[in-house]
Amino acid sequence: MTRIIYIQHDGREDPVDLPVGYTLMQGAVLNDIPGIAAECGGAAACGTCRVQLAPDWVTHVPAAEEIELSILDDADTSWRLSCQITVMAEMDGMVVHLPENQT
Ligand code: FES
């Protein structure tokens with residue numbers, strides 16, 4: 001299991017232990033972590049699963065592919081679609097910030 005710490009916009013921390021292979025979106029939704037709508041179910045089409053990786057973790061995940069970048073439309077590489085990030089053992093302790101809303 002890999003511990004991911006989701007931090008709400010108000011500062012509340014929700015740590016969860018996820019199996020390798022889940023996406024950050026699945027981990028949040030399946031553990032009832034608020035803040036991720038995931039309207040398209042993980043198809044990189046809706047943009048309602050945005051998260052901001054803590055600075056120390058940005059380089060620990062593979063870079064966003066073109067389909068993800070087209071949805072994000074943001075030069076700040078710390079913002080990612082949580083449905084496009086697969087949990088790996090090396091991500092143990094990763095801090096993920098959730099936005100105030102997913103509009
Ligand atoms: Fe729709 Fe991630 S769930 S883009």
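The values are calculated or read from the model by the stated rules, or taken from the named source; none is laboratory data. In this text, all values refer to a predicted model and were calculated from it rather than measured experimentally. Reconstructed Cβ throughout: ideal geometry from the backbone, glycine too, with neighbour counts over all protein chains shown. Heads up: the accessible areas ignore ligands, DNA and RNA and are worked out on the full protein's heavy atoms, side chains in. Shrake-Rupley method; radii C 1.70, N 1.55, O 1.52, S 1.80 Å.
A few remarks follow.
- For region 1-71, fraction of C-alpha pairs farther apart than 19 Å, in %: 36
- Per-residue [θ]222 nm for the chain (sum of -39500 (n - 2.57) over DSSP H runs n ≥ 4, rounded to 500): -3500 deg cm²/dmol
- With θ taken as phi - 60° and the Karplus curve 6.51 cos²θ - 1.76 cosθ + 1.60 applied, the whole-hertz 3J(HN,Hα) list for region 66-76 is 4, 5, 5, 4, 5, 7, 5, 6, 8, 6, 6 Hz, x standing for glycine and proline.
- Exposure check, 1.4 Å probe, all protein chains in place: Arg50 carries approximately 60 Å² of accessible surface.
- Cα lying deepest toward the dipole's positive end in the chain, options Thr77, Pro15, Val58, charges on Cβ: Pro15
- Within the accessible area of the chain (1.4 Å probe), percent carbon and sulfur: 50
- Point-charge dipole on Cβ atoms (K/R +1, D/E -1) for the chain, about Cα centre, debye to 20: 160
- Segment Arg12-Thr77, length gained on full extension (0.36 nm per residue, minus Cα span): 21.1 nm
- For region 42-56, backbone phi angles converted through the Karplus equation (6.51, -1.76, 1.60; θ = phi - 60°) give residue-by-residue couplings of x, 8, 6, 10, 10, x, 9, 10, 4, 9, 10, 6, 4, x, 5 Hz, Gly and Pro being listed as x.
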